[in-house]
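One structure is given below, encoded as structure tokens.
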Ligand SMILES: NC(=O)c1ccc[n+]([C@@H]2O[C@H](COP(=O)([O-])OP(=O)(O)OC[C@H]3O[C@@H](n4cnc5c(N)ncnc54)[C@H](OP(=O)(O)O)[C@@H]3O)[C@@H](O)[C@H]2O)c1
């Protein structure tokens with residue numbers, strides 16, 4: 001502190017703002033490979049009207065994070081550098097701006113924040129109140145952070161878009177992945193008949209999640225097993241999506257979260273085909289938390305890494321063969 005500042009602060013008492021103004025964050029300053037992820041000091045954000053400042057305890061990694069990092073989303077989302085990545089979090093309410101009244105300081109919350117703004121690879125994040133829900137009581141922050149984005153994607157695909165009904169037949173590709181492991185459990189909870197795909201090492205996991213039938217895509221063609229399907233959930237695209245048309249019955253629905261299915265093909269076959277882009281929704285996260293607390297839904301945490309090892313987390317996620325979720329521990333001492 002300079003002498004002048006010291007003299008002024010002695011005269012005026014402690015400065016009104018004694019809170020730490022910087023925080024640790026993982027930011028990118030340019031698009032590129034994992035090396036562009038920088039663990040560094042960043043300004044602590046300030047909540048504006050209707051917003052909440054959350055102390056992040058844990059943040060999950062999703063494929064969207066490295067898609068943004070590599071610049072694949074730049075035509076859709078107007079990001080500015082430096083950018084904090086990571087749109088999946090669990091933490092504690094630290095500060096409320098005017099107009100934010102549903103939560104109070106100290107509440108434990110989880111969220112999918114707006115992916116067009118700074119993310120959760122940081123000590124603090126500003127989130128709109130509508131994007132927050134109380135975190136499931138039965139989970140600690142590490143497990144809770146694993147749920148929001150992937151579970152919300154599965155929920156919005158199967159329930160909001162496909163209107164999945166009890167007794168319907170659903171094929172879930174990549175049932176062991178982030179989105180897939182929630183989709184299998186949610187479809188079972190709804191009372192659907194679930195067929196799920198994964199490689200050999202994940203067959204047991206698919207059964208534990210509740211799948212009625214499993215397909216090892218390295219040994220079997222799913223179209224030889226799955227027939228008369230009402231709903232296909234496709235988190236893979238390409239050849240997997242192309243071969244999925246034939247398993248659907250007329251009037252069925254092909255949901256893809258990765259690649260827009262052909263409208264022409266859908267029309268010709270009498271099938272509905274939809275690209276689902278998930279979006280933040282605190283109210284739906286509250287329902288998901290209820291299912292977690294009642295034991296109907298469980299996030300699987302595959303790996304926990306400290307925030308400073310985000311590069312490693314991205315490299316693992318980019319293999320495309322991690323089951324469950326990778327979670328970054330942001331706050332060191334956690335309950
Ligand atoms: N549109 C949206 O709103 C939205 C939201 C979330 C995610 N997504 C996208 O959805 C995709 C999946 O996301 P995610 O988080 O679920 O990914 P993920 O967790 O990284 O998926 C990995 C899983 O995929 C399985 N897998 C890989 N190739 C497979 C194949 N050919 N057939 C069946 N399973 C296969 C792997 O199982 P094995 O190791 O056994 O192969 C692994 O368990 C990503 O492209 C992501 O960007 C989109």
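Return yes or no: is residue 263 at pLDDT 95 or above, away from the ligand (no atom under 16 Å from the Cβ), surrounded by fewer than 22 Cβ atoms within 10 Å (Cβ to Cβ) and over 21 Å from the mean Cα position of the chain (by Cα)?
Numbers: at pLDDT 95 or above: yes; away from the ligand (no atom under 16 Å from the Cβ): yes; surrounded by fewer than 22 Cβ atoms within 10 Å (Cβ to Cβ): yes; over 21 Å from the mean Cα position of the chain (by Cα): yes.
The answer is yes for residue 263.
Residues checked against (1) more than 9 Å from the ligand (Cβ to nearest atom); (2) closer than 24 Å to residue 274 by Cβ:
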| residue | (1), (2) |
| --- | --- |
| 181 | no, yes |
| 193 | yes, yes |
| 197 | no, yes |
| 200 | no, no |
| 210 | yes, no |
| 231 | yes, yes |
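So the check is Cβ under 7 Å with 6+ separation or different chains; which pairs have a first residue in the range 257-273 that's over 23 Å from residue 175 (Cβ atoms) and a second one that's part of a helix (DSSP H, G or I)?
So the pair list comes out as 265/245; 269/245.
I'm told residue 207 meets every condition in (1) part of a helix (DSSP H, G or I); (2) more than 20 Å from the chain's Cα centre (by Cα); (3) in contact (Cβ under 8 Å) with a residue 12 or more places away in the chain except one. Can you identify the failing condition by its number?
Every listed condition holds for residue 207 apart from (3).
Take residue 71 and tell me if it is touching a residue at least 12 places away in the same chain (Cβ under 8 Å) and surrounded by fewer than 20 Cβ atoms within 10 Å (Cβ to Cβ). Write out each step before concluding.
Numbers: touching a residue at least 12 places away in the same chain (Cβ under 8 Å): yes; surrounded by fewer than 20 Cβ atoms within 10 Å (Cβ to Cβ): yes.
Spelling it out, residue 71 is indeed touching a residue at least 12 places away in the same chain (Cβ under 8 Å) and surrounded by fewer than 20 Cβ atoms within 10 Å (Cβ to Cβ).
I'm trying to understand the selection: among the residues of the range 287-320, which are under 15 Å from the mean Cα position of the chain (by Cα), part of a helix (DSSP H, G or I) and either within 16 Å of the ligand (Cβ to nearest atom) or surrounded by fewer than 14 Cβ atoms within 10 Å (Cβ to Cβ) (or both)?
Passing the criteria: 288, 313, 314, 317.
Within the range 178-185, identify whether any single residue is more than 18 Å from residue 299 (Cα to Cα), touching a helix residue (DSSP H, G or I) at 6+ places or on another chain (Cβ under 7 Å) and either at pLDDT 95 or above or part of a helix (DSSP H, G or I) (or both), and answer yes or no.
Step one: filter the range 178-185 for residues more than 18 Å from residue 299 (Cα to Cα), giving none.
No.
Condition check: away from the ligand (no atom under 16 Å from the Cβ), outside any strand (DSSP E or B) and at pLDDT below 95. Does residue 335 satisfy that? Reasoning before the result, please.
Working: away from the ligand (no atom under 16 Å from the Cβ): yes; outside any strand (DSSP E or B): yes; at pLDDT below 95: yes.
Taking the combined requirement at face value, the residue satisfies it.
The values are calculated or read from the model by the stated rules, or taken from the named source; none is laboratory data. Remember, predicted model here, so these are calculated numbers, not experimental data. Note that we place each Cβ from the backbone using ideal geometry, even for glycine, and neighbour counts take in every protein chain shown.
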